[in-house]
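Scroll down for the structure; my scribbles are underneath it.
The values are calculated or read from the model by the stated rules, or taken from the named source; none is laboratory data. Everything quoted here is computed from the prediction, not taken from an experiment. Cβ: placed from backbone, ideal geometry, glycine included. Neighbour counts: every protein chain shown. The protein model used for the area step is the full one, side chains on, heavy atoms only, and it has no ligands, DNA or RNA in it. Shrake-Rupley method; radii C 1.70, N 1.55, O 1.52, S 1.80 Å.
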Amino acid sequence: MSYIKLVNISKNYQDGENVYLALKNINLEFNKNEFVAILGESGSGKSTLLNLISGISEITKGNIYINDESLKTFSNKRLNKFRKNEIGIIFQKYNLIDLYNVYNNIELISNNQNKIKRLLTSIGLKNKLRNKVSQLSGGETQRVSAIRALINDPSIILCDEPTGALDQENSEKLMDYLVSIKKDKLILFVTHNKELASKYASRIIELKDGKVINDIGNISKDSSSTLSDESLNRISLKHKLIYIMNLIFKKKGRFLISLLSSVLVLFFISVSLMTINITNQYIEYSFLSSLNSNVIDLKSYVVIDKERKEIEISNSIINALKKDDRYIVRRNYDSYLNKNVLPNLELKLNNKKINLMNVKLVCMSKFAVFNLIEGDKINNPNEVIINENLYNYLIKEDNKLINKRFYYNENYLKITGVSKSSMMNEDLVIYFNYDFIDTYLKDYSISHYQIDIKDLKDLDTIIDGLTNSMFYKVKEEIKDETLSFSIEFNQDYENYIMFYELINLAKIIVYFFLCLTIVINIMLLSNVLYSFNEEEKRNLAIFKILGFSYLDIAMLSIILGVIISLISFIIILFINHYIGTYLSAYISNLIGINIILKLSFLENLLLLIIILIISLFSSGFPLIKLKSMRLDNALKEDWYDTNKKFITKDNKRFFSFKH
């Protein structure tokens, strides 16, 4: 059994309607302990033959067997292991990764630092360990390529014009070294130099027009062996970061443009989140507070003989209502307080009686949540909260209002806190505790009810539920089959419902543009990463040929996307902080509402999660293209890059030329 066997191998390259013939019906066998020279003119198919054996190019027709195992059946993982563990390639065009220095290119393959330094010293490159590849001469680059190919002691060594860029002395040194290590190895080297082939090769194969015309020398005995199943080496995090940082410096302009684009998109996302935040604050401070935190009047109407009448809600009707944690139905005392309590309410500040004619008394909801700017919440029946506008009215007489007392008949009401006014023109308001009624008012008789709602988002469903549950009881009491029944609430809440629906519509529009912005950012970042990959596909192909997995190579693109996103995020944090501080003060002074135009920790965390997701999605398209990349095209070492032979679809050559 042969170590490597080529059976009826043909390789064509197609460009539109033209087909380029590289190899035709090649049948060859190779074994270990062979030193094989492959001769032929430019364009005869020598490099293509090496590319097929290494899996760089795909076979058009025929098959290649490695240890009697078809190369076509190799999975990507199996092929990567084969390249990593079995093959070392000295390329004609060197194929070093130009974003690495000399040392990094070899360290990528082997972590044996002493061996790397010793070999580089032996070829006269001790002082050029940290030099970029672009700073080396052709001969120096070729020597580095040779060390990278040989440092892991591969069993198959493929050499494509290995001495083409070397002087005579270094050529002989390289060939002598290859001869010295040929035991238990298969060495195939392509050359134009017949003298070099005759001197060192144990077997010479000559190609012409893609066919074998001579195969001279001794073919070694069968030398099959088990292919190594050693695990894949991975690109270390160090080498990934070096690659990416050098790529960023190499493409500074494009990187800065992509960074600016990402910052602008993230800024729009931040503004969208801030807009939603401001909207919520406006509802909380401007609308809900002015309406006494989720209280609506409960009035019931019936239509009898086409006449609409308000009916009194009896205790039996109220008792018939189902218990629900979302709301509380209670008597409405506001009109009673303003009619009977306010005229008897007195306040003296610095021995001066204060005029309370324009003050409004409100019995606050159980679910009321006030934005206190001073003092504390109500804890006792005789404690009240005043709003900011009343505070500003009273402070002219006394600058210490907390714990000051209103007197009602023989009782007093202590000021315990000051709530933020939602609007500059809000009424002067005193908020009473509901328990005040039961404790101090004994002679009330009130038939009007109101509903304290925990969350106004539930308002529609609560009203529908109340209407349905009250209807049957009202119908039972009035005893009229034609009864039409409805519940209505005050105009403020009708305005609120309309306002709330408009706000929700605005939020939907903001969320739509937010999603659209995210999609645009994914497209922009995908385009950036795709451009980086396209321009560096030769380097990415080299990673693949060296035996690194597709996912490992893909991490380079993913990390680059994450770096762009994280830098953009940090910039946005500073922009949001400084611009947010300025705009918060400006908008608050403009509309008279305390607005905080900043993203909270959770919102910033959400923004970070969004951009990381964007990075992952943005890497998708470039990675799909990377996976489908042809290695031979990426390296541009195809047979038709040198001397092209054009044939038509019926395989008849109609002209040729020198490239």
List, please: which pairs have Cβ atoms under 7 Å, are six or more places apart or on different chains, and start with a residue in the stretch 243-270 that is over 14 Å from L566 (Cα atoms) and end with one that is of a type in the set (S, T, N, Q) and part of a helix (DSSP H, G or I)?
R254/S531; F268/T517; I269/T517; S270/N576
Residues (open to solvent by 30 Å² or more (accessible area, probe 1.4 Å) and touching a residue at least 24 places away in the same chain (Cβ under 8 Å)) located in the stretch 64-78:
Y65, D68, E69, N76, K77
Could you tell me whether any residue of the stretch 491-504 is at pLDDT 75 or above and out of contact with any Phe, Trp or Tyr (no Cβ under 6 Å at 6 or more places or on another chain)?
no
Can you give me the number of residues within the stretch 161-194 that are within 21 Å of L50 (Cβ to Cβ), over 49 Å from the mean Cα position of the chain (by Cα) and open to solvent by 30 Å² or more (accessible area, probe 1.4 Å)?
8
If you take the residues of the stretch 259-270 that are crowded, with 18+ Cβ neighbours inside 10 Å and modelled with pLDDT under 85, which of them is farthest from F532 (Cα to Cα)?
S270
How do the strands (runs of 3 or more DSSP E) wholly within the stretch 323-420 filter down when requiring 1 or more residues that are open to solvent by less than 20 Å² (accessible area, probe 1.4 Å) and within 17 Å of N433 (Cα to Cα): which remain?
327-331, 345-349, 359-363, 383-387, 405-408, 411-419
Please work out which residue is least open to solvent (accessible area, probe 1.4 Å), limiting yourself to the stretch 195-218 and to residues that are out of contact with any Ser or Thr (no Cβ under 7 Å at 6 or more places or on another chain), within 30 Å of S10 (Cβ to Cβ) and of a type in the set (D, E, K, R).
R203
Strands (runs of 3 or more DSSP E) contained entirely in the stretch 137-213, each with at least 3 residues that are in contact with a Lys or Arg (Cβ under 8 Å, 6 or more places away or on another chain):
156-160
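Residue-by-condition table, conditions (1) of a type in the set (S, T, Y); (2) out of contact with any Gly (no Cβ under 8 Å at 6 or more places or on another chain); (3) open to solvent by 30 Å² or more (accessible area, probe 1.4 Å):
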residue	(1), (2), (3)
F513	no, yes, yes
I518	no, yes, yes
I522	no, yes, yes
S526	yes, no, no
Y530	yes, yes, yes
N533	no, yes, no
N539	no, yes, no
G547	no, yes, no
Hey, could you check the stretch 40-49 for residues that are open to solvent by less than 10 Å² (accessible area, probe 1.4 Å) and closer than 14 Å to L158 by Cα and say which is modelled with the highest pLDDT?
L49
N27 surrounded by fewer than 21 Cβ atoms within 10 Å (Cβ to Cβ) and closer than 22 Å to G217 by Cα:
yes
Among the residues of the stretch 100-123, is any out of contact with any Ser or Thr (no Cβ under 7 Å at 6 or more places or on another chain), at pLDDT 90 or above, part of a loop (DSSP other than H, G, I, E, B) and not hydrophobic (A, V, I, L, M, F, W, C)?
yes
With the condition kept exactly as written, say whether any residue in the stretch 591-604 is surrounded by 16 or more Cβ atoms within 10 Å (Cβ to Cβ), modelled with pLDDT under 80 and among the acidic types (D, E).
yes
Starting from the stretch 513-538, take each residue that is farther than 12 Å from S618 by Cα and list its partners that are not in a helix (DSSP H, G or I), counting only C-beta distances under 8 angstrom and pairs at least six apart or across chains.
F532/K251; E535/K251; E536/L99; K537/M629; R538/N95; R538/K636
